[in-house]
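To start, the structure under review is shown below, and the notes come after it.
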Amino acid sequence: MDSMRGHEGIQMLLTAEQEAQQIVTAARNLKTTRLRQAKEEAEKDAGHYRSNLESEYQKRVGETSGNSGITAERLEEETDVKIRNLKKSASKVQSDTVDMLIKHTTAAKY
């Protein structure tokens with residue numbers, strides 16, 4: 001009879017061990033599933049963050065490009081004004097300069 005009880009005891013231990021193994025396996029599978037879901041969520045969040053940064057960058061590039069066109073127009077206008085002023089100044093002294101050059105080139109020094 002003792003051998004029967006011993007055999008039953010061993011069988012109970014084996015059954016308990018199998019149940020524990022099933023519990024551990026289920027916990028591992030659950031952990032793996034949760035980790036996979038967390039990874040997918042993190043990748044999704046990172047993708048959203050990355051796309052938001054890209055959108056902001058493109059927006060700033062667009063604003064800067066627009067400003068450079070305005071800046072180029074302003075610089076062109078300023079340059080035209082300076083050129084007109086220089087031409088006015090040159091035309092004022094042009095006749096005096098021509099007279100001076102003629103005088104010095106035609107004057108004979110002996």
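The values are calculated or read from the model by the stated rules, or taken from the named source; none is laboratory data. Quantities reported herein were computed from a predicted structural model and do not represent experimental measurements. Note that each Cβ is placed from the backbone with ideal geometry, even for glycine, and that neighbours are counted across all protein chains shown. Note: accessible area is taken over every heavy atom of the protein model, side chains too, but ligands, DNA and RNA are not part of it. Shrake-Rupley method; radii C 1.70, N 1.55, O 1.52, S 1.80 Å.
Let's see how each residue does on (1) open to solvent by 90 Å² or more (accessible area, probe 1.4 Å); (2) modelled with pLDDT of 95 or more; (3) acidic (Asp, Glu):
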| position | (1), (2), (3) |
| --- | --- |
| MET12 | yes, no, no |
| GLN18 | yes, yes, no |
| THR25 | no, yes, no |
| LYS59 | yes, no, no |
| GLU63 | yes, no, yes |
| SER68 | no, no, no |
| GLU76 | yes, no, yes |
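Take THR33 and decide whether it is on the phi < 0 side of the Ramachandran plot and surrounded by 10 or more Cβ atoms within 10 Å (Cβ to Cβ).
Answer is yes for this residue.
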